[in-house]
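> Sending over a structure as structure tokens; questions will come in a sec.
The values are calculated or read from the model by the stated rules, or taken from the named source; none is laboratory data. Keep in mind the model is a prediction, meaning the values are calculated, not measured. Here the Cβ is made from the backbone with ideal geometry for all residues, glycine too, and neighbour counts use every protein chain on show. Only protein heavy atoms, including side chains, enter the accessible area calculation; ligands, DNA and RNA are left aside. Shrake-Rupley method; radii C 1.70, N 1.55, O 1.52, S 1.80 Å.
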Amino acid sequence: MSYVDEVLEKVRAKNASEPEFLQAVDEVLNSLRPVIEANEEKYRKDALLERLCEPERQFKFRVPWVDDNGQVQVNTGYRVQFNSAIGPYKGGLRLHPSVNIGIIKFLGFEQIFKNSLTGLPIGGGKGGSDFDPKGKSDREVMAFCQSFMTELCKYIGADTDVPAGDIGTGAREIGYMFGQYKRIRGLYEGVLTGKGLSYGGSLARTEATGYGLLYITEEMLKSNGIDIAGKTAVVSGSGNVAIYAIQKAHQLGAKVVTCSDSTGWVYDPEGIDVELLKEVKEVNRARLTEYAAKRPSAEYHEGRGVWSIKCDIALPCATQNELNIDDAKQLVANGCIAVCEGANMPTTLDATKYLQENKVYFVPGKAANAGGVATSALEMSQNSERLSWTFEEVDSKLKGIMVNIFHNLDEAAKKYGLDGDYVAGANIAGFEKVVDAMNAQGIV
Ligand code: NDP
Ligand code: 2IT
């Protein structure tokens, strides 16, 4: 049996109740086959892949807090410190009722390769809780965040592990968590990224994931002789990533005609009104029904459906496994030419395969959404030198990083005779740097 198959078997047996983690490992290890096969004996002897698939450390803790009725609520907190070969653990905190250890492990595993692709010195980690911020008062969110950080602060620090936002964790949550960390540890340091501008945040971090997604999409299309201007795009989600993806798509001359949330979706043939979407989602924290009510050109539909709209480019920006095989078939039938993932693992394995087989350009999340964490690393740099860069400076570094990521993964794919397979290219390019660092550091 090949070494990759041996390890896949072990990982499946050991993590049988974690389907998302197994899905992420499956994709990465399968696409690394040509690299592993070239070094099979050494890697097997060093148990390189077993070490890569086992988090260095993971924490699970109780998070008690008091709601507005005086009732005590209890959530579960997690932080997985997956791999520190190339830098301090870095990765977001997800607050969503679906959070469990398998989801945090899949996100942490992806983060290792994503962070490596940025070219910046950051290792892979992820955390979060099954707390649902939706419908909670600001005081309840603060109570949760303070309790969560009271435990988490023991394991993190500006040079050890630097969390940030993810689903359900935005500027408000990061603010409450930073305040509590500073209060307990007595340290004013860059322990979190995505901070507000008045206390160490970086300009352009809010926009970075969505903007980065469009920068790499533009570059990928350009290198295939296609201009993004004039194209129609569909976006899912209406959170941080989706909003700034839509904004940058419009700036680049494309038209985005959909967005969604967990209750429904909007089709707006005149193009999504980003200012209105921001007001509905960032200010009012409301549902998309409010967008549709204020926008005569928009149709609102319950449930899911953005992938049924005819488009040139599809940008999934909500959550994992939101684009399945039926959606992929519909996109292909409608003439879609590119799928670039703003979310983490939004496309199922069979849908990815189908899109690639049907010659749809497919850029996986670990490359396409790396602009967020890359800009987090730029925030860490600014915090270390106690300076703040201008928006233009950060944005131009972000663009340079995304363009570089595309060419690195394109070249990595070509090096192994896998031209145009950007999934393999991203995994190989991300893996090579991590493995080099792991090999140099001995068996740890
Ligand atoms: P937000 O919480 O800001 O927005 C999430 C959006 O996705 C909301 O519209 C939400 O709808 C929708 N959504 C979430 N879960 C589900 C679900 N189970 N079913 C349907 N819709 C859902 O999160 P972000 O925009 O920050 O994150 C979106 C994706 O991008 C995630 O996969 C995240 O891991 C990834 N990502 C985020 C980065 C960042 O910098 N923020 C960086 C890189 C990747 P509703 O409000 O109704 O729940
Ligand atoms: O998935 C991700 O890359 C993020 N949620 C951002 C992580 C970060 O540290 O900025």
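> Give me the residue from segment 289-303 that is touching a helix residue (DSSP H, G or I) at 6+ places or on another chain (Cβ under 7 Å) and within 29 Å of SER137 (Cβ to Cβ) and, out of that set, least open to solvent (accessible area, probe 1.4 Å).
Per the stated criteria, the residue is TYR291.
> Of all residues in segment 180-206, which are within 13 Å of ligand 1 (Cβ to nearest atom) and within 18 Å of THR150 (Cβ to Cβ)?
LEU192
> Still on this structure, I have one more. Got a sec? Which helices (runs of 4 or more DSSP H) wholly within segment 352-444 have at least 2 residues that are among the basic types (Lys, Arg)?
Passing ranges, in order: 391-415.
> Sticking with this one: Check VAL283, VAL306, VAL257 and return the single one that is within 14 Å of ligand 1 (Cβ to nearest atom), farther than 18 Å from PRO364 by Cα and either small (Gly, Ala, Ser) or open to solvent by less than 20 Å² (accessible area, probe 1.4 Å) (or both). Walk me through it before giving the result.
Numbers: VAL283 fails: either small (Gly, Ala, Ser) or open to solvent by less than 20 Å² (accessible area, probe 1.4 Å) (or both); VAL257 fails: within 14 Å of ligand 1 (Cβ to nearest atom).
Being within 14 Å of ligand 1 (Cβ to nearest atom), farther than 18 Å from PRO364 by Cα and either small (Gly, Ala, Ser) or open to solvent by less than 20 Å² (accessible area, probe 1.4 Å) (or both) holds for just one of VAL283, VAL306, VAL257, which is VAL306.
> Right, something else. Of (1) of a type outside the set (A, V, I, L, M, F, W, C); (2) near ligand 1 (Cβ under 10 Å from one of its atoms); (3) touching a helix residue (DSSP H, G or I) at 6+ places or on another chain (Cβ under 8 Å), GLY237 satisfies all except one. Which?
GLY237 satisfies all of (1) of a type outside the set (A, V, I, L, M, F, W, C); (2) near ligand 1 (Cβ under 10 Å from one of its atoms); (3) touching a helix residue (DSSP H, G or I) at 6+ places or on another chain (Cβ under 8 Å) except (3).
> If you don't mind, there's one more thing I want to ask. Restricting attention to segment 175-186, does a residue exist that is surrounded by fewer than 23 Cβ atoms within 10 Å (Cβ to Cβ), in contact with a helix residue (DSSP H, G or I) (Cβ under 9 Å, 6 or more places away or on another chain) and touching a residue at least 60 places away in the same chain (Cβ under 8 Å)?
no
> Can you name the residue in segment 57-73 that is within 19 Å of CYS153 (Cβ to Cβ) and of a type outside the set (S, T, N, Q) and is also most open to solvent (accessible area, probe 1.4 Å) among such residues?
ARG62
> Could I ask something else about it? Got a sec? Which of ARG51, ARG79 is open to solvent by less than 70 Å² (accessible area, probe 1.4 Å) and either farther than 29 Å from MET177 by Cα or assigned to a helix (DSSP H, G or I) (or both)? Explain how you work it out, then say what you get.
Values: ARG79 fails: either farther than 29 Å from MET177 by Cα or assigned to a helix (DSSP H, G or I) (or both).
Sole residue among the options that is open to solvent by less than 70 Å² (accessible area, probe 1.4 Å) and either farther than 29 Å from MET177 by Cα or assigned to a helix (DSSP H, G or I) (or both): ARG51.
> Say whether the condition of being within 16 Å of ligand 2 (Cβ to nearest atom), of a type in the set (D, E, K, R) and not in a helix (DSSP H, G or I) is met by at least one residue in segment 94-101.
Yes, the conditions are met somewhere in segment 94-101.
> Write out, first by first residue and then by second, each pair whose Cβ atoms fall under 6 Å of each other, whose residues are 6+ apart or on separate chains, and whose first residue, in segment 153-171, is within 23 Å of ASN369 (Cα to Cα) and modelled with pLDDT of 95 or more while the second is within 16 Å of ligand 1 (Cβ to nearest atom) and of a type in the set (D, E, K, R).
These pairs meet every condition: VAL162/LYS90; ASP166/ARG94; ILE167/ARG94.
> While we're looking at this one, here's another question. Can you pull out the residues in segment 152-164 that are open to solvent by less than 30 Å² (accessible area, probe 1.4 Å) and in a loop (DSSP other than H, G, I, E, B)?
Let us first name the residues in segment 152-164 that are open to solvent by less than 30 Å² (accessible area, probe 1.4 Å), namely 152-153, 156-158, 161-164.
Once the filter is applied, which keeps residues that are open to solvent by less than 30 Å² (accessible area, probe 1.4 Å) and in a loop (DSSP other than H, G, I, E, B), segment 152-164 yields CYS153, ILE156, ALA158.
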